[in-house]
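Report on the following structure.
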Amino acid sequence: MSLHDHDSVSLDSRDIENSHVDVNDKAEIILPSSVIDDDDGKYGELILLGYNGSQDSKMSVPLKRHRTKMILIRRKQGNGIKKGSVSQVNVAAKDAPAVLDSSRHVVSYSYGKHQTVLVEYILDPNKDMFQELDEDDVPSLYVWREVSVDGDVYTLRETRSSNARGAMVPEETNMLQDGTLIDLCGATLLWRTADGLAKSPSANELEMALDRLNAGKPQCPVNLNTLIIPKKRSNNSTSSRQPYVYLNCGHVQGKHDWGFHSTLNGLPTFKCPICLAESERVIQLTMGMESSFHLDSGSLDYAFNPCGHVASFSTVRYWSRIPLPHGTNSFHPVCPFCTTLLATEKPFVRLIFQDHLFDN
Ligand SMILES: [Zn+2]
Ligand SMILES: [Zn+2]
């Protein structure tokens, strides 16, 4: 299934670069309330990449203080805004009557000493608006395109810190689609529509898929014990039940020293006791628990390289093909569960379990 064949909703934002803005600017998402009509009023969800359903995270920010998911539901009364009148005055922005009137919302652009352009924003009851970040310095919002204050779509700037905007792309829409990724100053949000979420596995279905996998009692061929894929990454990886995958062959085993040696140039290498293939790494496995990042609840026999988050084939293939902004001017695919950069040569590995050995 594709993440892109569902409903779409409108996205808007304030681009405050290159202008003096006198309203208290925030990054905002605006949705036309006509998108949904009869159901529970849910537009969809925005999910922050890098938090595995709050199960684990490499980020140092305490999770309790930050929401990692935001559910957007239609407001009883629309609180959207739309562009109203544009006027030009010959006074400084701070002295313009429209700006001084606290009941009006005006964006001003100043040039020269006393030349000011005023753009008034008026209420639009047919749209709902959701504040997305409350940091003071959100410069702009990208959907791998840049979306301006009026919803126009531009190609990305040459570098993300550049003052020069990209070219306008009039043929593209600013409508959010299921699977749209939004980059807010380095934090990436995934937009899932209510419709799209209904076709993806629920958290329950995902837990059941993991239970089925663990119920197969995958064995470690060296330690001869049962392995269990955990929901949470453990830093104390000494547990004999913690599974690891050999990067090259995909055989899943516990932690042991069999076959571990150094190559002639001093690099560590791991010889697989099952197939004798050499791997330069073994990877600790953890379940990818955030269900919104999964495309299906197909069998969980793939893991991202190098972080070891487990998901289905269609899920790992999907994310390994999406380059996300990295640094100021490069793009690279990441694991959605922890935002680790994926290996270029081998972004994911197929897992081969020694399981269901006792079924007959
Ligand atoms: Zn092997
Ligand atoms: Zn990961």
Margin query: Any residue that is surrounded by 15 or more Cβ atoms within 10 Å (Cβ to Cβ), at pLDDT below 70 and not basic (K, R) - is there at least one of those in the stretch 35-44?
Written below: yes
Check: Here are some conditions: (1) closer than 23 Å to N248 by Cα; (2) in a loop (DSSP other than H, G, I, E, B). V349 meets all but one. Which one does it not meet?
Finding: (2)
Next item on the list: Would you be able to tell me the number of residues in the stretch 269-295 that are more than 16 Å from ligand 2 (Cβ to nearest atom) and surrounded by fewer than 20 Cβ atoms within 10 Å (Cβ to Cβ)?
Entry: 9
Next item on the list: For the stretch 328-349, enumerate the residues that are away from ligand 1 (no atom under 16 Å from the Cβ) and in contact (Cβ under 8 Å) with a residue 60 or more places away in the chain.
Entry: T328, N329, V334, P336, F337, C338, T339, T340
Next item on the list: Collect the residues in the stretch 242-259 that are away from ligand 1 (no atom under 15 Å from the Cβ) and either within 21 Å of M289 (Cα to Cα) or in contact (Cβ under 8 Å) with a residue 60 or more places away in the chain (or both), keeping them in residue-number order.
Entry: Q242
Notebook entry, point to check: Of the numbered conditions (1) free of Cβ contacts under 8 Å to residues at least 12 places away in the same chain; (2) within 16 Å of ligand 1 (Cβ to nearest atom); (3) not hydrophobic (A, V, I, L, M, F, W, C), P323 satisfies every one except a single condition; which is it?
Noted result: (2)
Next item on the list: Could you run through the stretch 212-240 and say how many residues are surrounded by 13 or more Cβ atoms within 10 Å (Cβ to Cβ) and on the phi > 0 side of the Ramachandran plot?
Entry: 1
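Residue-wise test of (1) touching a helix residue (DSSP H, G or I) at 6+ places or on another chain (Cβ under 9 Å); (2) more than 21 Å from T193 (Cα to Cα); (3) hydrophobic (A, V, I, L, M, F, W, C).
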{"residue": "S292", "(1), (2), (3)": "yes, no, no"}
{"residue": "Y302", "(1), (2), (3)": "yes, yes, no"}
{"residue": "P336", "(1), (2), (3)": "yes, no, no"}
{"residue": "F348", "(1), (2), (3)": "yes, yes, yes"}
{"residue": "I352", "(1), (2), (3)": "no, yes, yes"}
Note to self: If a residue must be more than 16 Å from ligand 2 (Cβ to nearest atom) and part of a loop (DSSP other than H, G, I, E, B), how many such residues does the stretch 216-241 contain?
What the structure shows: 16
Next item on the list: Could you give me the residue pairs with C-beta distances under 7 Å whose first residue belongs to the stretch 209-228 and is under 17 Å from M287 (Cα atoms), whose second residue is among the aromatic types (F, W, Y) and surrounded by fewer than 16 Cβ atoms within 10 Å (Cβ to Cβ) wherever it lies, and which are 6+ apart or on separate chains?
Entry: K217/F358
Check: Picking from S314, S299, S330, which residue would you name as being closer than 16 Å to A209 by Cα, out of contact with any Gly (no Cβ under 9 Å at 6 or more places or on another chain) and surrounded by fewer than 20 Cβ atoms within 10 Å (Cβ to Cβ)?
Finding: S299
Next item on the list: Could you list, in sequence order, all residues of the stretch 270-308 that are in a strand (DSSP E or B), farther than 20 Å from H256 by Cβ and out of contact with any Pro (no Cβ under 8 Å at 6 or more places or on another chain)?
Entry: Y302
Check: From T193, T188, which residue is more than 21 Å from P323 (Cα to Cα), in contact with a strand residue (DSSP E or B) (Cβ under 9 Å, 6 or more places away or on another chain) and among the β-branched types (V, I, T)?
Finding: T193
Note to self: away from ligand 1 (no atom under 15 Å from the Cβ), touching a strand residue (DSSP E or B) at 6+ places or on another chain (Cβ under 9 Å) and in the same structural domain as F304 (by the TED database): which single residue out of S239, S291, S279, S262 fits that description?
What the structure shows: S262
Next item on the list: Have a look at G259, G266, G250 and point out the one that is in contact with a Phe, Trp or Tyr (Cβ under 8 Å, 6 or more places away or on another chain), more than 16 Å from ligand 2 (Cβ to nearest atom) and not basic (K, R).
Entry: G259
Notebook entry, point to check: Do we find that S291 is on the phi < 0 side of the Ramachandran plot, among the hydroxyl-bearing types (S, T, Y) and under 14 Å from the mean Cα position of the chain (by Cα) in this structure?
Noted result: yes
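The values are calculated or read from the model by the stated rules, or taken from the named source; none is laboratory data. Just so it is clear, the structure is predicted and the values come from calculations on it, not from any experiment. Cβ: placed from backbone, ideal geometry, glycine included. Neighbour counts: every protein chain shown.
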